[in-house]
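Notes to accompany the following structure.
The values are calculated or read from the model by the stated rules, or taken from the named source; none is laboratory data. Quick caveat: nothing in here was measured; it's all calculated off a predicted structure. Glycine gets a Cβ as well: all are built from the backbone with ideal geometry, and neighbour counts include every protein chain shown.
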Amino acid sequence: MTKLFVIVFILCVYCFTLIRCTKHKKINEIDEATLRSEQIIVKNADEAIIELKNGNKRFLENKLINYNYKRQIELSKGRQKPYAIILSCMDSRVPPEIVFDQGIGHLFALRVAGNVEDENILGSIEYAVEHGHSKVIVVMGHSHCGAVKGSIIGTELENLTQLLDQIKPSIKAYPGTLDIVEAVSKNNVKTTIQDILKRSNFISDHVNDNKIEIVGAYYNIETGEVSFLD
Ligand SMILES: [Zn+2]
């Protein structure tokens, strides 16, 4: 009877230790992943773009590390240091934080149909640049963009018309292209970059002083891949 009691006692201790170890391992894994995602410190635009490319790679491989939102809220509640500014389309299939696997506090994300600029977008980018932590502005277009399609076919609607008019100069540059939506989307990214620099001395001065870079990118809705444009 005593022998049986000892065996049961040893088994209980073993099971208790095993459960505790497994629990600790899980907690440590989450902390390690969160820690990695929190320590995004970039010195320049090249390093910022590498971070974004690595994030998109994790997204494509389904190896996300920025999933512990509760912890990220706790750690970012007193400050934010976003290392990149992303201007992208409102398309529901192009969420910047997800396609770049970024967490809370990592990006200033601005979204508007056709990723075009206006006074409010420019003011928001100026605020983000003034904030001082971001090293790159990324203007990101995407495949199958409804705003680009609407501009090509001449869609008209109350306030939407003037928005789509902004994309029209990008259509003229690509007559006869096979995939005109892709060509116009990429050209529209370049046009938006030029317009941002033309319309905001504050931003263009920071770019000229090498305090920040502005680059174009293109998201492929069919593959999830982001390519950075020349
Ligand atoms: Zn779009």
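Summary of computed values
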| read-out | value |
| --- | --- |
| Members of the stretch 67-105 found to be within 16 Å of the ligand (Cβ to nearest atom), under 16 Å from I125 (Cβ atoms) and of a type outside the set (A, V, I, L, M, F, W, C), listed by number | S88, P96 |
| Hey, K211 part of a loop (DSSP other than H, G, I, E, B), charged (D, E, K, R), more than 18 Å from the chain's Cα centre (by Cα) and at pLDDT 95 or above or not | yes |
| Top-ranked residue of the stretch 134-160 - restricted to ones that are within 16 Å of the ligand (Cβ to nearest atom), without any contact (Cβ under 8 Å) to a residue 60 or more places away in the chain and not aliphatic (A, V, I, L, M), ranked as surrounded by the fewest Cβ atoms within 10 Å (Cβ to Cβ) | T155 |
| Single residue of the stretch 161-197 satisfying the filter (among the hydroxyl-bearing types (S, T, Y) and under 18 Å from S88 (Cα atoms)) that is surrounded by the fewest Cβ atoms within 10 Å (Cβ to Cβ) | T191 |
| Members of the stretch 98-125 found to be surrounded by fewer than 16 Cβ atoms within 10 Å (Cβ to Cβ) and among the charged types (D, E, K, R), listed by number | D118, E119 |
| Flag if H206 is part of a helix (DSSP H, G or I), closer than 21 Å to E47 by Cβ and out of contact with any strand residue (DSSP E or B) (no Cβ under 8 Å at 6 or more places or on another chain) | yes |
